[in-house]
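Peer 1: Below is the structure I would like to discuss, written out as structure tokens.
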Amino acid sequence: MIAALKKRLRQPECDWKTALLEAMAQWPLAGEDAGGQHFDYLTGGEAFDWRLLAIRFARAVGDALPHAAFEAWLNDPDPAGGFAEAEFTRLLGVEKYRSHLNYFYGVTVERALLAAVEAEITKRRVALGVSATERSRDEAFERLYEALYEALWPEFCAEDKERERGKSGPKRDQASLADMDAFTYWLFKRRMKRMDPARLASDTRKGLTQLERMRTAHERRLRARLAEKAVPDVGGAASSREGAGARRRPVKRRSLKLQ
């Protein structure tokens, strides 16, 4: 399958994003070891991370992809990668698309929700003159999951034998991305079982609002970078102004030396 994808990507008329998504629709593995790394494409056995599979494809096909454009695509916060939802569904297939929604709400939105709640707590603590320390994250866990991280991680490990780390588990900064994705999805499902529907709907809106803030900030940074690249050459601009002045009245021309 990788060889067929690489061959297709090298065709001049190929739309590489479409080719990658259609290859994902046919991909049979939920996870694998490749290039010295383990890939969990299906978090919790039901939440599909299409960006991770895209990275796996990119490493396999090498220069058959335009890497700068590919990196920009991966960093696009749009959950459908810039495609209309109907087209994204068609390319991925219904089953993979549903699994993608599981990942979007269970990992991406859940992580944004936790960040939003932590930010609210930090803002309140700062307003009260209290230091914004690790306690903000602890309070966010207690508010959302009614327990601290240190108590929730061992509970998660006990249910997920592949990540069994002993009684305490690794510290937060020692867990891998796959570990944290699985943990976040587990927290999402745990919260879904414990919270009433009105609270769940409110929290989902809060997470989506936080994602929108992140998307807006991302677009603002992109515009700023584009504006920096579009700054005109000082020497060229100065020469143009001199030329315009010369047409209005005779001037003594001089060269500009930029330091």
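The values are calculated or read from the model by the stated rules, or taken from the named source; none is laboratory data. This structure is a prediction, so every number in the text was calculated from the model and none was measured. No Cβ is skipped: glycine too gets one built from the backbone with ideal geometry, and neighbour counts run over all protein chains shown.
Peer 1: Check whether at least one residue in the range 19-27 is outside any helix (DSSP H, G or I), on the phi < 0 side of the Ramachandran plot and at pLDDT 95 or above, and report yes or no.
Peer 2: The initial filter retains those residues of the range 19-27 that are outside any helix (DSSP H, G or I), namely 27.
If we keep only those that are on the phi < 0 side of the Ramachandran plot as well, we get 27.
If we keep only those that are at pLDDT 95 or above too, we end up with 27.
Looking through the range 19-27, at least one residue is outside any helix (DSSP H, G or I), on the phi < 0 side of the Ramachandran plot and at pLDDT 95 or above.
Peer 1: Quick one: how many residues across the range 51-81 are surrounded by 12 or more Cβ atoms within 10 Å (Cβ to Cβ) and closer than 19 Å to Leu208 by Cβ?
Peer 2: 6
Peer 1: What helices (runs of 4 or more DSSP H) completely inside the range 38-118 contain at least 3 residues that are outside the structural domain of Leu9 (by TED's automatic domain parsing), farther than 25 Å from Asp203 by Cβ and within 11 Å of the chain's Cα centre (by Cα)?
Peer 2: Working: elements: 50-61, 67-75, 85-92, 94-103.
Per the criteria, no element qualifies.
Peer 1: Can you tell which of Glu219, Glu212, Glu242 is at pLDDT below 50, of a type outside the set (Gly, Ala, Ser) and either under 21 Å from Gly82 (Cβ atoms) or in a helix (DSSP H, G or I) (or both)? Reasoning before the result, please.
Peer 2: Working: Glu219 fails: at pLDDT below 50; Glu212 fails: at pLDDT below 50.
The conditions single out Glu242.
Peer 1: Which members of the range 185-202 meet the condition of being surrounded by fewer than 22 Cβ atoms within 10 Å (Cβ to Cβ) and in a helix (DSSP H, G or I)?
Peer 2: Here is the first cut: in the range 185-202, the residues surrounded by fewer than 22 Cβ atoms within 10 Å (Cβ to Cβ) are 189-202.
Once the filter is applied, which keeps residues that are surrounded by fewer than 22 Cβ atoms within 10 Å (Cβ to Cβ) and in a helix (DSSP H, G or I), the range 185-202 yields Lys189, Arg190, Arg191, Met192, Lys193, Arg194, Pro197, Ala198, Arg199, Leu200, Ala201, Ser202.
Peer 1: Report yes if some residue within the range 168-179 is under 18 Å from the mean Cα position of the chain (by Cα) and either exposed (fewer than 15 other Cβ atoms within 10 Å of the Cβ) or modelled with pLDDT of 90 or more (or both); otherwise report no.
Peer 2: Yes, the range 168-179 contains a residue that is under 18 Å from the mean Cα position of the chain (by Cα) and either exposed (fewer than 15 other Cβ atoms within 10 Å of the Cβ) or modelled with pLDDT of 90 or more (or both).
Peer 1: In the range 117-153, what residues are buried (at least 19 other Cβ atoms within 10 Å of the Cβ) and of a type in the set (Gly, Ala, Ser)?
Peer 2: Within the range 117-153, Ser136, Ala140 qualify.
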